[in-house]
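The values are calculated or read from the model by the stated rules, or taken from the named source; none is laboratory data. Because the structure is a prediction, the values reported are computed rather than measured. So basically every Cβ, Gly included, is an ideal-geometry build from the backbone, and we count neighbours across all protein chains shown.
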Amino acid sequence: MAGAKSITIVGGGLAGLTLGIGLRQRGVRVKICEAGHYPRHRVCGEFISGRGEATLARLGLRELMAQAGAVSARTAAFFLTTQATAPRPLPSAAICLSRFTLDATLARKFQELGGEFHEGDRFAGDFAEGMVRATGRRVQTEAGGSHWFGLKIHARNVSLAADLEMHVSPRGYVGLCRINGGEVNVCGLFRKRAAESVETKHRYELLRGQPDSPLRQRLAEAEFDENSFCAVAGLELQPQPAAARVEICVGDAITMIPPITGNGMSMALESAELAVGPLAAWSREEMSWSAARHKIAGDCDAVFARRLAWAKWLQRIILAPALQSPLVLLANRSDWFWRLAFARTR
Ligand SMILES: Cc1cc2nc3c(=O)[nH]c(=O)nc-3n(C[C@H](O)[C@H](O)[C@H](O)COP(=O)(O)OP(=O)(O)OC[C@H]3O[C@@H](n4cnc5c(N)ncnc54)[C@H](O)[C@@H]3O)c2cc1C
């Protein structure tokens, strides 16, 4: 591969690191510029579910996750303030691993494979040929409507009724999920008015749930790891096609699927895998940059369009107070809705 063209990936999160690993496995010279430093906590439900699991297996990373302490989630339950679904088996098991461990493990693997990893390197220039955008979520630009923000903290001493518990409230939801090291990830997505500011004290309260709620009871004895607390705001949840982007993009840089689906990390992994072949071909001068961009964007849109459309409506339905009770009744009486929603958002 001497003389082959090298690739720079801007953003060393899940998508950027997976792409870097895939390209290194094909012998392509790769540099990743990552603005942050590892290990670090991120706002994420830390629940990998969907076709991205097969990507991990194909790239030989599944075993690495297991060695890093990943645990399987096999059951899930939904809770409202006064109602709950019984714990249900997930149609397929999910992989649960803290981003603190996951991202650092992948960064190490990328470097072991000979990749150049630049931490603390925030790219601020223009994207040129040979540069891929893996910079994560785009910031919400629309001034009106709901503004979404995410919060996360790890806790010990939490006993769950299912491997994944989703606690829905009028303001959003909190997911509780067992992760590595005997901890439980407490992660929520909430909406606020554009001008509203949410104080730190109030953020903790949002994660702990309203008084007398099942969430508050679940976390009554929890010991929180304050160092793991993180927040993210300005989340853009309107689906966008990859073909609309002028750069080659992977992961949330294309678009962010509503987190309630637990499929964003899978999309990051899948889009990275879809990009490996065309970028390796560009590096060998067998494909133009423009052809590689069209191929990657077209493949991503073909794979993601349906699940993005379903996810948008599913989030609206689950977070609409008037529909929550009928939904719980439906989910308790039949497997049909449960399985349909799971399948269509993956
Ligand atoms: C509340 C919430 C809960 C979620 N829960 C889940 C879940 O349970 N399951 C799931 O699958 N997904 C979940 N997600 C989504 C998931 O976290 C994302 O889809 C995933 O992290 C996307 O990976 P990425 O690599 O595209 O972006 P990121 O992981 O955000 O990585 C982007 C990286 O780019 C770097 N960067 C940005 N700009 C620059 C620059 N200019 N120069 C250099 N580096 C730069 C950043 O520092 C960052 O490290 C959730 C998201 C939220 C908000």
Checking ASP252 against (1) within 16 Å of the ligand (Cβ to nearest atom); (2) closer than 23 Å to VAL28 by Cα, which single condition isn't satisfied? (2)
From the residues in the range 104-128 that are touching a Phe, Trp or Tyr at 6+ places or on another chain (Cβ under 7 Å) and farther than 17 Å from LEU23 by Cα, which one is surrounded by the most Cβ atoms within 10 Å (Cβ to Cβ)? ALA104
Select from the range 322-346 the residues that are among the aliphatic types (A, V, I, L, M) and outside any helix (DSSP H, G or I) and list them in ascending order. none
Restricting to helices (runs of 4 or more DSSP H) lying wholly in the range 1-77: which have 3 or more residues that are in contact (Cβ under 8 Å) with a residue 60 or more places away in the chain and within 22 Å of PRO258 (Cα to Cα)? 14-25, 52-58
PHE79 passes all but one of the listed conditions (1) modelled with pLDDT under 95; (2) at positive phi; the exception is number (2)
Candidate set from the range 129-149 (those that are at pLDDT below 95 and either surrounded by 14 or more Cβ atoms within 10 Å (Cβ to Cβ) or charged (D, E, K, R) (or both)); member that is nearest to the ligand (Cβ to nearest atom): ARG137
If you take the residues of the range 205-237 that are surrounded by fewer than 18 Cβ atoms within 10 Å (Cβ to Cβ) and free of Cβ contacts under 8 Å to residues at least 24 places away in the same chain, which of them is nearest to GLY150 (Cα to Cα)? GLU205
Count of the range 1-55 residues which are of a type in the set (A, V, I, L, M) and within 12 Å of the ligand (Cβ to nearest atom): 10
